[in-house]
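A.B. asks: Submitted below is the structure of interest, expressed as structure tokens.
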Amino acid sequence: MKHWRWEKDSQGLVWLTFDKAGESTNTFSRDAIEELSGALDAIAAERPKGLVIRSAKDNFIAGADVNEFVKLKTADEAFEFNRKGWDATQKLRDLPFPTTAMVNGFCMGGGLELALGCRYRVALDDPKTRFAFPEVMLGIWPSWHGLMWLPKLVGPAAAFDMLLTGKSVDARKAKRIGLVTEAVPLRIFENTVRMVTLAAPAPRRLPLLQRLMLGPLRGLVVSQARKQVAKRARPEHYPAPYAILHAWRKYDGDPIACKDDPACSLKALFEHPTTANLIRLFFLQDRLKSLGKGAEFNPGHVHVIGAGVMGGDIAAVCAMRGIKVTLQDTSPERLAPAVKRAAKLFERRLRDRRRVRDALDRLIPDVSGAGVAHADLVIEAIFENLAAKRELFERVEATARPDAVLATNTSSLKLADIAAALKDPARLVGIHFFNPVPQMMLVEIISGERTAPELAAKAAAFARLLDKLPLPVKDSPGFLVNRVLGPYLQNAFRMLDEGIQPEAIDATMEAFGMPMGPMELADTVGLDICLAAGKELARKGASGEPDAPRALLNKVALGHLGRKSGQGIYRWERGKPVKAAAARTDGNLTEALIEPYLTEASAVHAQGIVADADLIDAGLVFGTGFAPFRGGPLHYLASRK
């Protein structure tokens, strides 16, 4: 066998190891599934005391090889490929002796279905161990028994929290909800796997309410879940979560039984344009990740200057990822809110007192700026003022180590203008994060005319260390994301000036597929920032009118800056905008609102600001939330013609 190997030990246990040939990650290709099926037949003939399935990689199994989906030409081929996975996991489930999945790292999609086919699952208690069903994010559903088996194991509530969102759970949460039998540290990992398999404990029994939800209350569960899904996704845009609920209610998650049902069949999903577009974005995301592999750069110390929302959150994300960070501002009073915000982030994400404490220990307030002299990377994140940034970098260059990377988080100023203050302009690179930093995946990596290529490569590698998606962009007004958003927001404000209801503007673009409308987006970003960025882009000659919209000017003059001030286009309560019922709109308003966005994306492509159209699509989906089911703005434009 090419991908699998197995051996029987002195205690009668068989250890079956998955080691995908020529790959750094285990995924299920067609031949890997066929080999697994053959291995299970051979192991069954041995009649061992038990079977352990493990990985030779840093992760367990990342799911099915998405390249297999690209090869599929028809829905019948997709069904046949799915049947192979279904049969293999069922064969594992039917073995007459104890079986255990020894899970380290990612256990995703088909990998989780394989683990569910085992009687037991023992997980390595490590932050990298994650369980998830991301299929819904590709427009399909877990059809190798995942939809059938997960609700029976953990109950429908916990199961659908994973199945309908693609969200992952760590080893400890997996233990709490009953997904894994044990979650243990590395020192006792193998021994625990051995003991569980040989002891063969009785399976966990679900509480009565969960059993009722699997039976007589199943219809109610689906009805409530459908209401929650409807708040986030329309069935015509994202059919997969609705298909999941229908398939579970009517067919108990059996893809063979629902083969010809258009409401949930794999054939219907395979032929829906959303699925092709979401798979396209999966590959574009992988491409962005690959752009961070051009250099070895693992900074042990990052110094961030500016403890506002952006700078503070950049520092917090660095500390959360294990990097020592010094955070500089002019006084302890300016630093305190950033540290407080970081503590809340750590508690929410890390969920372990020791890990929270360690992350806070790595985040060091630094009023004097002493950290500049020791840092591997210095990131400037102060307000958007060219003179202030030039003066700052002049001081930083004199103090920083000669090999330190100097970066700016500017959102609209040209690198060439900022770097004019440096003796060596080649040292400056742009690392542009988006707000909110912990949630937004995209990071623009900006190269000026004189930026050293190796520094841009290091900046991209740094973005990947933070689990972000680096996008190389040439130095130009607004780069990619803000340049495209500028005319889009300005156009929406012009419509506001013309008397169109803000709720109608937002509802129109949400119906188009945007995660939020332009008015809510502007409030979230900050109306003062929108005004300043718009003026800067207009001054630099990017698309847009030099005169700001009247509604925007009036709001900023009144101090109504959006979410951060509690009042902007909308009044904000508990972090959410208070909106009136939206008036009905038509397709003409949709076209009028989105056209400047599409026009500017095309202009960026024509001017070569980003390498190609696919990367522009990736940047605007992951940076602005452009409707993912449409595959990206330029892809959408091409399909519209």
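The numbers here are math on the coordinates, done by the rules we state, and not lab data. Given the structure is predicted, the values throughout are model-derived calculations rather than measurements. No Cβ is skipped: glycine too gets one built from the backbone with ideal geometry, and neighbour counts run over all protein chains shown.
A.B. asks: Under a 5 Å amide H to amide H cut-off, with H placed in plane at 1.01 Å, what residues pair with Leu377 once short-range neighbours are removed?
C.D. replies: His301, His303, Val405
A.B. asks: If you stretched the chain out fully between Glu454 and Ala199, how much longer would it get, using 0.36 nm times the residue separation minus the C-alpha to C-alpha distance?
C.D. replies: Contour length minus Cα-Cα distance gives 86.3 nm.
A.B. asks: Hey, with R₀ at 60 Å, roughly what FRET efficiency would Arg550 and Asn67 work out to, going by the Cβ-Cβ distance, to 0.05?
C.D. replies: 0.70
A.B. asks: Pulled fully out, how much extra length does the chain show between Ala603 and His374, if you take 0.36 nm times their separation in residues and subtract their Cα-Cα distance?
C.D. replies: 78.3 nm
A.B. asks: In whole angstrom, how far apart do the alpha carbon centroids of region 408-453 and region 217-296 sit?
C.D. replies: 37 Å
A.B. asks: Among Ile256, Ile431, which comes first, second and so on when ranked by fewest other beta-carbon atoms within 10 Å?
C.D. replies: Ile256, Ile431
A.B. asks: Let me ask something additional. Multiply the residue gap between Lys8 and Lys91 by 0.36 nm, knock off their C-alpha separation, and tell me the result in nm, one decimal place.
C.D. replies: 27.9 nm is the gain from fully extending Lys8 to Lys91.
A.B. asks: In whole Å and largest first, what semi-axes does the C-alpha gyration tensor of region 301-474 yield when each eigenvalue is scaled by 5 and square-rooted?
C.D. replies: For region 301-474, the semi-axes come out at 25, 17, 14 Å.
A.B. asks: Would you list which aspartates and glutamates come within 12 Å of Lys49, measuring only between C-alpha atoms, while excluding same-chain residues fewer than 8 positions from it?
C.D. replies: Asp9
A.B. asks: Measure nothing but the geometry: give the 0 to 90° angle between the long axis through the Cα atoms of 75-93 and the longest principal axis through the Cα atoms of the chain, rounded to 10°.
C.D. replies: 60 degrees
A.B. asks: Over all alpha-carbon pairs in region 174-277, figure out the percentage whose distance exceeds 21 Å.
C.D. replies: 56 percent
A.B. asks: In what order do Lys564, Lys20 fall by count of nearby beta-carbon atoms within 10 Å, going from fewest to most?
C.D. replies: Going from least to most buried by this count: Lys564, Lys20.
A.B. asks: Specify the angular offset, from 0 to 90 degrees and rounded to the nearest 10, of the alpha carbon long axis of helix 218-232 from the longest principal axis of the alpha carbons in the chain.
C.D. replies: On a 0 to 90 degree scale, this one is about 20.
A.B. asks: Share of antiparallel DSSP beta bridges in the chain, in percent to the nearest 5?
C.D. replies: 25 percent
A.B. asks: Moving on. Given R₀ = 51 Å, what would the calculated FRET efficiency be for Ala230 paired with Ala388, taking r from the Cβ atoms and rounding to 0.05?
C.D. replies: Once the sixth-power term is evaluated, E becomes 0.60.
A.B. asks: As I understand it, the value is the acute angle between the Cα axis of helix 587-607 and the longest principal axis of the Cα atoms of the chain; what does it come to in degrees, rounded to 10?
C.D. replies: 80 degrees
A.B. asks: Taking 27 Å as the cut-off for C-alpha to C-alpha distance, list the pairs among Lys91/Lys152; Lys289/Lys579; Lys84/Lys267 that go past it.
C.D. replies: Lys289/Lys579
A.B. asks: Where a ≥ b ≥ c are the square roots of the eigenvalues of the C-alpha gyration tensor, would you call region 308-397 rounded, which needs a/c under 1.5, or, failing that, prolate if a/b is larger than b/c, or oblate?
C.D. replies: Prolate is the answer for region 308-397, as a/c is 1.5 or above and a/b outweighs b/c.
A.B. asks: Set the Förster radius R0 to 41 Å, insert the Cβ-Cβ distance between Asp58 and Ala257 as r into 1/(1 + (r/R0)^6), and round the FRET efficiency to 0.05.
C.D. replies: For R0 = 41 Å, the calculated efficiency reads 0.65.
A.B. asks: Here's a follow-up. Can you sort Leu16, Leu150 by how many other beta carbons sit within 10 Å, fewest first?
C.D. replies: So the ranking, lowest neighbour count to highest, is Leu16, Leu150.
A.B. asks: Treating cross-link reach as a plain straight distance, find the lysines whose alpha-carbon is under 16 Å from the alpha-carbon of Lys564, omitting any fewer than eight places away in the same chain.
C.D. replies: Lys555, Lys576
A.B. asks: Another question about this same structure. Return the long-range amide H neighbours of Phe18 (sequence gap of 5 or more, or a different chain), with a cut-off of under 5 Å between placed amide H atoms.
C.D. replies: Close amide H contacts, sequence-distant or interchain: Arg54, Ser55, Ala56.
A.B. asks: Lys474: which aspartates and glutamates have alpha carbons under 17 Å from its alpha carbon, excluding same-chain residues fewer than 8 sequence positions away?
C.D. replies: Cα-Cα hits under 17 Å: Asp417, Glu444, Glu449, Glu454, Glu600, Asp612, Asp614, Asp617.
A.B. asks: For the pair Leu186/His237, report the inter-label distance in nm, with labels modelled 7 Å from Cα in the Cβ direction.
C.D. replies: Distance between the two pseudo-spin positions: 4.3 nm.
A.B. asks: Now a separate question. Once you've got the Cα coordinates, tell me which of Lys389/Lys458; Lys57/Lys293; Lys227/Lys250 are over 25 Å apart.
C.D. replies: none
A.B. asks: Once label points are set 7 Å from the Cα along Cα→Cβ at both Asp31 and Ala45, what is their separation, rounded to one decimal in nm?
C.D. replies: 2.2 nm
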